[in-house]
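Asker: So that we are looking at the same thing, I have put the structure below in structure tokens.
FYI, it's all coordinate maths here, none of it is from the lab. All values derive from a computational prediction rather than experimental measurement. Using ideal geometry, Cβ is built from the backbone for each residue, glycine included, and neighbour counts are taken over all protein chains shown.
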Amino acid sequence: MAEEYYYGLGRRKRATAQVRLYPGDGAGGGVIIVNGKLMEEYFTRERDILHLIEPLKATGTLGDFKITVKVRGGGLSGQAGAIRHGIARALLKVNPDLRPILRKGGFLTRDPREKERKKPGLKRARKAPQYTKR
């Protein structure tokens, strides 16, 4: 029999995270596994770890779930943001009453910022070649 879980898809920049929340009955509660590794092994920077557990702290569900994540694309910081977004969406499926808390914290809003493409005739997206008068 397959375990019951709550699913949430999170995105940030080029990163996409598929998050599964398994209700923890004591065993495995509070464990977060990212791409087959423990969260602490995958994310070396403390701020990335703190960033992705924010929705759990805000809702008071920090040790209640075993969380597994598949994340692809982007850098580590973008991946942490994608996981945070996915966790928030999955928590909403667990308990729709958490919406005001998650909305107030800004966890449900997808960060729309992306890298702007380079334009022809320019050095980067907006940097123009230096103007010379003579």
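Asker: Do the sum for the chain: with -39,500 (n - 2.57) for every DSSP H run of n ≥ 4, divided by all residues, what is the mean residue ellipticity at 222 nm, to the nearest 500 deg cm²/dmol?
Answerer: Computed mean residue ellipticity for the chain: -9000 deg cm²/dmol.
Asker: Any idea what angle helix 76-94 forms with the longest principal axis of the chain, computed on alpha-carbon atoms, 0 to 90 degrees, nearest 10?
Answerer: The helix 76-94 is inclined about 40 degrees to the chain.
Asker: Still on this structure, please answer the following. Name the most mobile residue of Arg12, Arg47, Arg89, meaning the one with the largest mean-square fluctuation, in a Gaussian network model of the chain with Cα contacts below 10 Å.
Answerer: Its mean-square fluctuation being the largest, the pick is Arg47.
Asker: How big is the equivalent ellipsoid of the range 6-105 along its three axes, where each semi-axis is √(5λ) from the Cα gyration tensor, reported in whole Å from largest to smallest?
Answerer: The answer is 19, 16, 12 Å, longest axis first.
Asker: Report the local net charge at Arg20: Lys and Arg +1, Asp and Glu -1, summed over other residues whose C-beta lies under 12 Å from its C-beta.
Answerer: +2
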